[in-house]
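Enquirer: Before anything else, here's the structure in question.
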Amino acid sequence: MAVRPILTVPDPLLKQVSAPVEGVDEDLRALMDDMIETMYAAPGIGLAAVQIGVPRRVIVMDLAREGEDKQPRFFVNPEILWRSEELVSCEEGCLSIPEIYDEVERPAKVRIRYLNREGETIEEECDELYSVCIQHEMDHLEGIVFIDHLSRLKRDRAVSKVKKLVRAA
Ligand code: K2U
Ligand code: ZN
């Protein structure tokens with residue numbers, strides 16, 4: 001397992017639509033292990049493969065709270081099957097847009113289908129933080145980051161701030 005560098009805006013790769021995975025094999029599991037280690041090190045609670053420069057439809061997540069046992073989750077070729085009409089607004093951040101936080105409105109609940117780490121097909125309903133996080137990550141698979149849901153002014157200011165931050169690092 002390895003901690004890999006996380007791309008930051010305005011890296012053009014973050015705008016790429018990620019390709020479906022052919023099958024869950026040992027190489028893919030090695031990628032997912034690197035992703036989950038990278039996410040824990042950031043720290044974050046979710047990560048899409050494109051954020052470490054691999055434009056494939058793979059997401060990792062762990063919603064366990066501080067002090068709880070880790071509960072890593074792995075999502076391969078995830079699809080949203082249903083979105084609630086009810087919307088919620090939640091403050092979001094992103095490991096590819098450091099130190100920027102803002103409110104984003106999304107469906108409160110979604111129903112998703114995906115392959116797990118063993119290649120089994122899973123269907124489940126997501127609500128609360130699980131719903132927000134999986135929608136945030138699935139945006140990444142479409143080349144969308146959360147500031148794309150904000151005004152042009154807020155988006156441009158965020159990108160300028162991240163560019164200065166990365167230059168100063
Ligand atoms: O895509 C990412 O960079 C992962 C996000 C996941 C996330 C975004 C918005 C709302 C919830 C989760 C990072 O984990 S952002 C850091 C973070 C950490 C804890 C709670 C919320 C956000
Ligand atoms: Zn993100």
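The values are calculated or read from the model by the stated rules, or taken from the named source; none is laboratory data. What you are looking at is a predicted structure, and each value in this text was computed from that prediction instead of being measured. Here the Cβ is made from the backbone with ideal geometry for all residues, glycine too, and neighbour counts use every protein chain on show.
Enquirer: Quick one: D139 ticks every box in (1) in contact (Cβ under 8 Å) with a residue 12 or more places away in the chain; (2) within 11 Å of ligand 1 (Cβ to nearest atom) bar one, so which box is it?
Expert: D139 satisfies every listed condition except (1).
Enquirer: Tell me, which residue of region 23-45 that is within 10 Å of ligand 1 (Cβ to nearest atom) and over 12 Å from the mean Cα position of the chain (by Cα) is nearest to V3 (Cα to Cα)? Working first, answer last.
Expert: Residues of region 23-45 that are within 10 Å of ligand 1 (Cβ to nearest atom), as a first pass: 39, 42-45.
Now drop any that are not over 12 Å from the mean Cα position of the chain (by Cα), which leaves 42-43.
Numbers: A42: 9, P43: 11 Å.
The residue in question is A42.
Enquirer: A further question follows. Any chance you could count how many residues in region 1-57 are among the charged types (D, E, K, R), out of contact with any Lys or Arg (no Cβ under 9 Å at 6 or more places or on another chain) and in contact (Cβ under 8 Å) with a residue 40 or more places away in the chain?
Expert: Residues of region 1-57 that are among the charged types (D, E, K, R), as a first pass: 4, 11, 15, 22, 25-27, 29, 33-34, 37, 56-57.
Still in the list and also out of contact with any Lys or Arg (no Cβ under 9 Å at 6 or more places or on another chain): 4, 11, 15, 22, 25-27, 33, 56-57.
With the extra rule that they be in contact (Cβ under 8 Å) with a residue 40 or more places away in the chain, the set shrinks to 4, 11, 15, 57.
The number of residues fulfilling the criteria is 4.
Enquirer: Of P10, P5, which residue is exposed (fewer than 12 other Cβ atoms within 10 Å of the Cβ), within 16 Å of ligand 1 (Cβ to nearest atom) and either over 14 Å from the mean Cα position of the chain (by Cα) or not in a helix (DSSP H, G or I) (or both)? Full working, then the answer.
Expert: Values: P10 fails: exposed (fewer than 12 other Cβ atoms within 10 Å of the Cβ).
Selected residue: P5, the only one of P10, P5 that is exposed (fewer than 12 other Cβ atoms within 10 Å of the Cβ), within 16 Å of ligand 1 (Cβ to nearest atom) and either over 14 Å from the mean Cα position of the chain (by Cα) or not in a helix (DSSP H, G or I) (or both).
Enquirer: Scan region 19-32 and tell me whether some residue there is under 28 Å from K164 (Cβ atoms), in a loop (DSSP other than H, G, I, E, B) and either out of contact with any strand residue (DSSP E or B) (no Cβ under 7 Å at 6 or more places or on another chain) or at pLDDT 95 or above (or both).
Expert: At the first step, the residues of region 19-32 found to be under 28 Å from K164 (Cβ atoms) are none.
No, region 19-32 has no match at all.
Enquirer: With respect to C126, determine if the residue is modelled with pLDDT of 95 or more, within 11 Å of P78 (Cβ to Cβ) and not acidic (D, E). Break it down into steps so the answer makes sense when it comes.
Expert: Working: modelled with pLDDT of 95 or more: yes; within 11 Å of P78 (Cβ to Cβ): yes; not acidic (D, E): yes.
When the stated conditions are applied, C126 passes them.
Enquirer: What are the residues in region 71-88 that are surrounded by fewer than 12 Cβ atoms within 10 Å (Cβ to Cβ) and either within 16 Å of ligand 2 (Cβ to nearest atom) or without any contact (Cβ under 8 Å) to a residue 24 or more places away in the chain (or both), if any?
Expert: Hits for region 71-88 are Q71, E85, E86, L87.
Enquirer: All but one of (1) of a type in the set (K, R); (2) touching a residue at least 12 places away in the same chain (Cβ under 8 Å); (3) out of contact with any helix residue (DSSP H, G or I) (no Cβ under 8 Å at 6 or more places or on another chain); (4) not in a strand (DSSP E or B) hold for R65; which doesn't?
Expert: All conditions pass for R65, except number (2).
Enquirer: Being more than 12 Å from the chain's Cα centre (by Cα), more than 10 Å from ligand 1 (Cβ to nearest atom) and not aromatic (F, W, Y) is the filter here; which residues of region 74-96 pass it? Don't jump to the end; show me each part of the working.
Expert: Quick first cut of region 74-96, residues more than 12 Å from the chain's Cα centre (by Cα) only: 76-77, 79-91.
In the following step, the residues that additionally are more than 10 Å from ligand 1 (Cβ to nearest atom) were identified as 76-77, 79-89.
V76, N77, E79, I80, L81, R83, S84, E85, E86, L87, V88, S89, listed by residue number.
Enquirer: Could you tell me which residue of region 46-61 is nearest to ligand 1 (Cβ to nearest atom), considering only residues that are surrounded by 21 or more Cβ atoms within 10 Å (Cβ to Cβ) and not in a helix (DSSP H, G or I)?
Expert: Among those that are surrounded by 21 or more Cβ atoms within 10 Å (Cβ to Cβ) and not in a helix (DSSP H, G or I), it is G46.
Enquirer: Output the strands (runs of 3 or more DSSP E) that fall wholly within region 86-132 and possess 1 or more residues being acidic (D, E), or say none. Let's see the steps before the verdict.
Expert: On the way: elements: 87-92, 102-107, 110-115, 121-126.
Filter on region 86-132 gives 87-92, 102-107, 121-126.
Enquirer: Now for a separate question. Within region 98-149, which residues are within 16 Å of ligand 2 (Cβ to nearest atom), more than 12 Å from the chain's Cα centre (by Cα) and either surrounded by 19 or more Cβ atoms within 10 Å (Cβ to Cβ) or not hydroxyl-bearing (S, T, Y) (or both)? Working first, answer last.
Expert: The initial filter retains those residues of region 98-149 that are within 16 Å of ligand 2 (Cβ to nearest atom), namely 98-104, 106, 129-149.
After this cut, where a residue has to be more than 12 Å from the chain's Cα centre (by Cα) as well, the list is 98-104, 106, 129, 147-149.
Within region 98-149, P98, E99, I100, D102, E103, V104, R106, L129, I147, D148, H149 meet the criteria.
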